[in-house]
Every structure is written in C-alpha cells, then in structure tokens.
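Novice: Take this structure first; my questions come after.
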Amino acid sequence: MIRLFDTHCHIADPRFDGDRDAVIQRFFDAGVQRALVVADPREAIYDGPEDEGGRLVAVGNEKKVFSLVDRYDFLYGAVGVHPHNASGWDADAEGTVTGCLKHPKCRLLGEIGLDYHYDLSPRDDQRRVFDIQLDMAFEQNVPVQLHIREAHGDCMDMLRTRARAGRMPGGIMHCYTGSWESAKVYLDLGLYISLSGAVTFKNAPKLAEVAQKVPSDRLLIETDCPYMAPVPLRGRRNEPAFIVHTFEKVAALRQAAPEALAEQLWENANRAMGIKF
C-alpha cells in the first residue's frame with residue numbers, strides 16, 4: 001500500500017472548522033498516513049465588518065495546532081512566525097516559539113522566511129525576524145521550514161553567510177516555486193525541496209524541471225492546504241487527501257514507479273523531521 005506524508009498543511013485554519021474530523025478521515029483513507037500541521041503565534045485573521053470595519057489581528061493558533069497534534073498519533077507540528085507576520089515579532093512571540101519547540105511532536109521551526117510578493121511586513125522586519133529564527137533553530141538543533149517568495153536572492157545570501165560561519169540549520173524549502181538553478185543552491189546548503197500542487201499547473205514548466213532533477217533522497221511533497229489545490233481541483237479548498245494528485249504528477253514527471261517513489265518520499269519526510277519510521 002502506498003503511504004504518503006503531507007509535509008506542510010494548515011488544517012487548524014478556520015476554513016476547516018466545520019468538517020475537520022471528516023477532512024482528517026478522508027486524507028487517512030487516501031493513504032496520507034502522516035501530516036505536519038503548521039502553527040504561528042502571530043497568525044493574522046480578518047476580524048470582519050462588525051469590528052470597526054474589519055481589520056487584521058494576530059490571534060496565534062499554536063494551542064489549536066498542538067491540540068490536534070496531541071489528539072492524533074499521525075499528526076506532527078511545526079511553529080514559527082511567518083514573514084507576513086514578522087512585524088508582530090516580540091518577546092512574547094519568541095517565548096511562544098521556544099515553548100512549542102519543546103513539545104515532543106514539534107519537528108520543525110517554520111514556516112519562516114521572506115515574502116516580497118505581498119510585503120505584508122516591511123522587508124527589514126522580515127530579514128531581521130528570519131535571521132533571529134534561523135539562529136534559534138541552529139542553537140536548538142531543530143530543522144527549519146522555509147517560505148521564500150520572490151526573495152531568493154536575499155535568502156540565498158543570508159543562508160550562504162550562515163553556511164560559511166557554520167551556523168546553517170538543516171531543513172526544508174516549503175512549497176518550492178523557484179528555478180532549478182536556485183534549487184541547486186538550496187540543495188548544496190543541505191536543504192530538502194518540497195513540491196506542492198503548483199507542480200501540476202500548466203503554467204509551471206520550471207517546477208516540472210525541478211521535479212525531474214531533484215535527487216530522489218532530497219525530494220518531498222505537500223499540500224500547503226487550504227491553499228494551492230492541484231489540478232484537477234484548482235479553485236477548491238485544498239486538503240491533505242488531494243496530495244495524491246501532486247504525487248501522481250511528480251511520479252509521471254520523474255517516470256518513476258509509484259510504489260518506489262512513495263516509499264522514498266516517506267523515508268525522506270521522516271528523515272527530514274527526525275521521526276522514526
């Protein structure tokens with residue numbers, strides 16, 4: 001039986017509040033035997049028009065995430081302040097991240113990084129908070145999960161500087177959408193490359209090249225749900241069961257036997273997170 005690991009999902013998101021148990025049952029039935037759920041102590045949500053016209057507020061979802069992780073044996077957690085929320089970084093956020101990293105099923109510090117597409121936090125704040133969290137990961141010997149969008153130049157500069165100083169943590173390039181040339185740099189830095197539903201899109205030839213060329217022992221897949229639903233489900237709320245479509249696309253691009261690829265991806269994901277398998 002094929003077993004898959006969704007290495008990045010947001011099933012604590014409010015969009016799953018009405019049917020979360022059914023979503024979890026569906027993905028388990030689809031062969032997704034493990035999943036990593038992401039927490040952010042500065043998660044921002046929209047309050048709605050009843051609150052002075054509506055505004056974004058930081059509500060932190062780490063308690064919700066780790067409640068799920070405690071409830072289900074096959075769920076694991078990650079925690080970090082997303083670049084969108086970097087301007088909300090403070091001592092309290094740092095303390096929350098540090099505390100969550102002590103949870104026995106917290107396997108990654110992330111998602112952290114740089115997002116110059118939306119620029120929801122000033123870029124100086126993004127770089128500063130990214131650097132702080134990379135230091136935390138290195139000092140606590142925890143792998144990272146990196147969100148990098150339209151910021152690969154700055155990211156590679158920061159990571160290369162760390163590598164030269166011997167302070168580069170291990171980890172994963174989450175929802176990778178960059179080129180093969182950039183992927184080679186991240187691979188040289190010791191990182192895994194994780195592909196989402198974007199690899200199934202018709203307008204993503206560079207991701208097809210990445211899917212074909214990443215070494216088999218450094219490749220991962222994920223949903224990033226509720227975002228990035230794969231073809232043929234684009235436009236729908238994504239969920240972990242849909243990772244099957246991403247897996248099938250990657251297998252086709254690599255001309256790989258599905259059973260062998262699934263087992264390699266399973267081993268990679270567990271190894272990247274330090275989980276026994």
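The values are calculated or read from the model by the stated rules, or taken from the named source; none is laboratory data. Predicted model only: the values in this text are computed from it and were never measured. Glycine also receives a Cβ, built like all others from the backbone with ideal geometry; neighbour counts cover every protein chain displayed.
Novice: Listed residues VAL129, VAL97; which is buried (at least 24 other Cβ atoms within 10 Å of the Cβ), touching a residue at least 40 places away in the same chain (Cβ under 8 Å), of a type outside the set (Gly, Ala, Ser) and touching a Phe, Trp or Tyr at 6+ places or on another chain (Cβ under 7 Å)?
Specialist: Just one listed residue meets the conditions, VAL129.
Novice: Can you tell which of ASP13, ASP21, ASP6 is within 14 Å of TYR72 (Cα to Cα) and of a type in the set (D, E, K, R)?
Specialist: ASP21
Novice: Still on this structure, please answer the following. Have a look at ALA256, ALA269, ALA241, ALA260 and point out the one that is of a type in the set (A, V, I, L, M, F, W, C), in contact with a Phe, Trp or Tyr (Cβ under 7 Å, 6 or more places away or on another chain) and farther than 17 Å from TYR176 by Cβ.
Specialist: ALA241 is the lone residue from the list that is of a type in the set (A, V, I, L, M, F, W, C), in contact with a Phe, Trp or Tyr (Cβ under 7 Å, 6 or more places away or on another chain) and farther than 17 Å from TYR176 by Cβ.
Novice: Restricting to the stretch 1-44, count the residues that are surrounded by fewer than 16 Cβ atoms within 10 Å (Cβ to Cβ), part of a loop (DSSP other than H, G, I, E, B) and either among the acidic types (Asp, Glu) or under 17 Å from the mean Cα position of the chain (by Cα) (or both).
Specialist: 2
Novice: Same structure, new question: Determine whether ASP217 is closer than 30 Å to ARG164 by Cβ, acidic (Asp, Glu) and without any contact (Cβ under 8 Å) to a residue 12 or more places away in the chain.
Specialist: So ASP217 fails the test.
Novice: Which pairs do you get when a residue that is within 16 Å of PRO226 (Cα to Cα), found in the stretch 190-204, comes within reach of a residue that is modelled with pLDDT under 95, reach meaning Cβ atoms under 8 angstrom, with the pair 6+ apart or on two chains?
Specialist: Sorted first by the residue in the stretch 190-204, then by its partner, the pairs are ALA198/ALA204.
Novice: Out of PHE27, PHE74, which single residue is at pLDDT 95 or above, touching a helix residue (DSSP H, G or I) at 6+ places or on another chain (Cβ under 6 Å), of a type outside the set (Ser, Thr, Tyr) and under 30 Å from GLU259 (Cα atoms)?
Specialist: PHE27
Novice: Any residue at all in the stretch 119-126 that is touching a Pro at 6+ places or on another chain (Cβ under 8 Å) and assigned to a helix (DSSP H, G or I)?
Specialist: So far as the stretch 119-126 goes, yes, one or more of its residues are touching a Pro at 6+ places or on another chain (Cβ under 8 Å) and assigned to a helix (DSSP H, G or I).
Novice: When you check VAL244 against the structure, is it over 14 Å from the mean Cα position of the chain (by Cα), at pLDDT 95 or above and under 17 Å from ARG34 (Cβ atoms), yes or no?
Specialist: yes
Novice: Condition test on PHE138, is it more than 21 Å from PHE247 (Cα to Cα) and among the aromatic types (Phe, Trp, Tyr)?
Specialist: Spelling it out, PHE138 is indeed more than 21 Å from PHE247 (Cα to Cα) and among the aromatic types (Phe, Trp, Tyr).
Novice: Take LEU114 and decide whether it is buried (at least 20 other Cβ atoms within 10 Å of the Cβ), in contact (Cβ under 8 Å) with a residue 12 or more places away in the chain, closer than 29 Å to GLN212 by Cβ and of a type outside the set (Lys, Arg).
Specialist: The answer is yes for LEU114.
Novice: Also, I was wondering about something else. Select from the stretch 203-215 the residues that are at pLDDT 95 or above and in a loop (DSSP other than H, G, I, E, B) and list them in ascending order.
Specialist: VAL214, PRO215
Novice: So the check is Cβ under 9 Å with 6+ separation or different chains; which pairs have a first residue in the stretch 60-78 that's at positive phi and free of Cβ contacts under 8 Å to residues at least 60 places away in the same chain and a second one that's surrounded by 13 or more Cβ atoms within 10 Å (Cβ to Cβ) and of a type outside the set (Ser, Thr, Tyr)?
Specialist: GLY60/ALA39; GLY60/ASP40; GLY60/PRO41; GLY60/ARG42; GLY60/GLU43; GLY60/ALA93
Novice: How many residues does the stretch 236-251 hold that are within 14 Å of LYS202 (Cβ to Cβ) and loosely packed, with under 15 Cβ neighbours inside 10 Å?
Specialist: Counting residues in the stretch 236-251 that are within 14 Å of LYS202 (Cβ to Cβ) and loosely packed, with under 15 Cβ neighbours inside 10 Å gives 0.
Novice: Restricting attention to the stretch 70-80, report how many residues are buried (at least 23 other Cβ atoms within 10 Å of the Cβ) and either in a helix (DSSP H, G or I) or out of contact with any Gly (no Cβ under 7 Å at 6 or more places or on another chain) (or both).
Specialist: Final tally of qualifying residues: 3.
Novice: Say we look at the stretch 140-187 and pick out the residues that are part of a helix (DSSP H, G or I) and of a type in the set (Asp, Glu); which of these is surrounded by the most Cβ atoms within 10 Å (Cβ to Cβ)?
Specialist: Per the stated criteria, the residue is ASP154.
Novice: Among the residues of the stretch 226-270, write down those that are assigned to a helix (DSSP H, G or I), of a type outside the set (Asp, Glu) and more than 23 Å from ILE11 (Cβ to Cβ).
Specialist: Selection gives ALA251, ALA252, LEU253, ARG254, PRO258, ALA260, LEU261, GLN264.
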